[in-house]
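See structure below.
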Amino acid sequence: ERPSEGLESPTVIGAQAANELLNIIGIKASFVMTQVKDTIFFSARSIDEVNVQVMMEKLGGGHRTIAGAQLKDATMEEAREKLKAMLRQMIEKGEI
């Protein structure tokens, strides 16, 4: 976690970080959260075999390999827990 204050484009940096995480061997999807004032921005990226669109749609966003979503009035911890709960639920249902 890093503070976003003072960064010119914190959500762009979050998206770039999500892109870079896919360069790590074995990583099939990445999720980066950026807090700007009272909103948490999710940047999700994946290789073709993981559909982050479906995941981000559950949080209010979408696009197959480059997806995002926003949560208003949530803390970083609340957003992290919401993301983890969504992923757990999708795993349990065999969706991912």
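The values are calculated or read from the model by the stated rules, or taken from the named source; none is laboratory data. Not measured: the values here are computed from a predicted model. Methodologically, a virtual Cβ is constructed for each residue, glycine included, from the backbone with ideal geometry; neighbour enumeration extends over all protein chains shown. Accessible surface areas use protein heavy atoms only, side chains included; no ligands, DNA or RNA. Shrake-Rupley method; radii C 1.70, N 1.55, O 1.52, S 1.80 Å.
Below, the figures for the structure above:
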read-out: Longest site-free stretch - the chain; sites: GluC sites (Glu not before Pro), DSSP loop, at most 10 other Cβ within 10 Å; value: 50-96
read-out: Portion, in percent, of the accessible area of the chain that falls on carbon or sulfur, probe 1.4 Å; value: 51 percent
read-out: Mean separation of Cα contacts under 8 Å (6+ apart) over length of the chain, as relative contact order %; value: 20 percent
